[in-house]
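Asker: Here it is, the structure, as structure tokens.
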Amino acid sequence: MDALAQYAKIAQENNMVPIVEPEVLMDGEHSAEDCLNATSRSLKSLFDFLDNYNVDITGTLLKPNMITAGSDNPDQISEDEVASLTLECLKKHVPDDLPGIAFLSGGQSDIKATHHLDAMNKMGGGPWKLTFSYGRALQQSALKTWLGKVENEEAAQAAFSHRALMNRLAASGKWSPDLEK
């Protein structure tokens, strides 16, 4: 966390907005409660270090994981539980004056990541703007459609545009599973 805080300070000294990413990985058999505890410790440590380096929180973005059980744990929690636990963790450990939180998908499926973001925004996300910074969950369907073939480019672009639209709606709490059909 010390290195993240140093990076954030250097970025701000050079007129850039730092995006700090203290990710707790989804890999493994851990429970959602284990993820909550690890993420809580991680966020507390991060914001302590940012404070120690006098990083301007109002000019910083957070890119965290959501609270989920490990990908190998058979006892997965519901979308609403992911959203509720994630918000609980953020409200306890993230300063209100941080302007925005851009979530990682962290290995979640494209639809699950969208559903979780939407649920958080429908629950009234908190004092921050909640949005997405997905890699795999944004690109997965397009890559599966494209398969490296020229003849699939248009369909792949449509798949990517659809995912981007679904996540834009989720970032406003306006997504619905019915829109996926």
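Asker: For segment 129-181: of the residues being touching a residue at least 60 places away in the same chain (Cβ under 8 Å) and not in a helix (DSSP H, G or I), which is surrounded by the fewest Cβ atoms within 10 Å (Cβ to Cβ)?
Answerer: Once the filter is applied, the top-ranked residue is Ser133.
Asker: For segment 1-97, list the helices (runs of 4 or more DSSP H) that sit wholly inside it and hold at least 3 residues that are without any contact (Cβ under 8 Å) to a residue 40 or more places away in the chain, closer than 24 Å to Trp175 by Cα and out of contact with any strand residue (DSSP E or B) (no Cβ under 6 Å at 6 or more places or on another chain); which are they?
Answerer: 79-93
Asker: Does segment 114-128 hold any residues that are of a type in the set (Phe, Trp, Tyr) and either touching a His at 6+ places or on another chain (Cβ under 8 Å) or not in a loop (DSSP other than H, G, I, E, B) (or both), and which are they?
Answerer: The answer is none; no residue qualifies.
Bear in mind these aren't lab numbers, they're just calculated from the coordinates by the rules spelled out. None of these values were measured; they are calculated from a predicted model. Counting neighbours? That spans all protein chains shown, and the Cβs are built from the backbone with ideal geometry, glycine included.
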